[in-house]
1. In region 243-311, with Lys and Arg counted as +1 and Asp and Glu as -1 at Cβ, which of these residues, Ser299, Ile250, Ile266, has the Cα nearest the positive end of the dipole, that is, farthest along it?
2. Using modelled amide H (1.01 Å from N, peptide plane; none on Pro or chain starts), what sits under 5 Å from the amide H of Ala253, excluding residues fewer than 5 places away?
3. Quick one: if the Förster radius is 51 Å, what FRET efficiency do Leu303 and Asn169 give, using the C-beta to C-beta distance and rounding to 0.05?
4. In whole Hz and in residue order, list the ³J(HN,Hα) couplings for region 47-59 that follow from phi through the Karplus curve 6.51 cos²θ - 1.76 cosθ + 1.60, θ = phi - 60°; x for Gly and Pro.
5. Would you work out the charge dipole size for region 177-293 about its Cα centre, treating the Cβ of every Lys and Arg as +1 and the Cβ of every Asp and Glu as -1, and quote it to the nearest 20 debye?
6. In whole Hz, with x marking every Gly and Pro, tabulate ³J(HN,Hα) for region 293-310 from phi via Karplus 6.51 cos²θ - 1.76 cosθ + 1.60, θ = phi - 60°.
7. About its Cα centre, what dipole magnitude does region 1-75 give when the only charges are +1 on Lys and Arg Cβ and -1 on Asp and Glu Cβ, stated in debye to the nearest 20?
Amino acid sequence: MSEPTDFISAYFSYIGETEAPMTFHRWACITVLGAWIGRDYNFRFGHFNIKPNLYAMLMGTAGSRKTTAIKIASRLIAKAGYTSIAADRTTKEKFLLDLSGAGDIIVDSHGKKSEQEILEENIFGDSKLNHIPEMLIAADEFNTFIGNGNIEFLSMLGVLWDHEGPFKNKVKNSSSVEVIDPYVSILAGNTPTGFSLAFPSEAIGQGIFSRLVLVHGEATGKKIAFPELPTEQITKDIIDLLHAIKSIAIGAAEITPTAKAMMKEIYDTNPSAGLLDVRFDSYLSRRFSQLIKLCLILSAASLRNRIEECDVVYANTILTHTEHSMSKALGEFGKAKHSDTSHKLVAILESSMVPLTLKELWMQLHNDLDDI
């Protein structure tokens, strides 16, 4: 049998048999590949460029092996030479320092400059640092990385998902800091309970929440006492493949006319309209951008800088499959007793061309409520 020539097939051969759900491994694979490719590969989208970074959060109960999927993927690109992986725990200010490349500047034999000293010198964006502001947050325990309810940090990460140009931020003592063209990817793990602690309820419908792909997975029940390590040759082959991808995925991606027509049809028909959970209204507004990001990653995974029909089909299949379980991933987070019914009621009223009586409304809502 011939060796796999695309990265995703090679990756599944690399990981072998594990106890983690395959959906966790698939999203871990494509997310770290998006981080590896970097901001130099993009899709021209009107006045903007869409880049292949993703924010994916693996959601499951304790023991569903989220950590396994995250660590295998992040350690692989680290072996290939990727060094821009965020610390296990950090602050908003320190994260910006690390993103800019200024976080580990040595000034003398006595140690490092403090964060505040560097901020006051406005060292962000200094071309002398020769640093590319890219960062992968590979946090198998997302709450450990960011803390509970850190709305400022969460909001900043939401902005960085698709930010172009300089990112400016004011911190302590009104020091102005700047990072040029930041590129951030997130591969994190959480449980529904942990998610409710990390994300305040007001995060629904805005910022990072609308940019997260929530990947639900359940324990597979597999028991593998002694997982096998990949051979040195398999490891070398997949690392070589990563470097080949990096050399090809550069500049603006091309797209075939058929692939473009398929993407337009997906956009027009909105295949995820069935995701009626009101908590994902803001996510759906960015669904097409998520699709383009996946198409970029999948084209690069096949050693192409051109999006083809097969990429669109694969990307839309992955996204649609994942979206069907996103409500389950959240559990009861942000779900008031009758929030779904309230949303349904408003939608009925807005779509009606004439006033509706209480009896007519009750006919459409009687399955959702206990009494009139």
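1. Checking the options against the dipole of region 243-311, the answer is Ile250.
2. The answer is Asn42, Phe43, Arg44.
3. On the way: r = 38 Å, r/R0 = 0.74.
Result of the calculation: an efficiency of 0.85.
4. 7, 10, 10, 8, 10, x, 7, 10, 10, 10, 10, 7, 10
5. That gives region 177-293 a dipole magnitude of about 180 debye.
6. 4, 5, 4, 4, 5, 5, 5, 5, 4, 9, 6, 10, 10, 9, 7, 10, 4, 4
7. Taking the Cα centre of region 1-75 as origin, the dipole is about 340 debye.
Values in this text are rule-based calculations from the coordinates and carry no lab data. Please read all numbers here as calculations on a predicted model, not as lab measurements. All Cβ positions, even for glycine, are placed from backbone atoms using ideal geometry, and neighbour counts span all protein chains on display.
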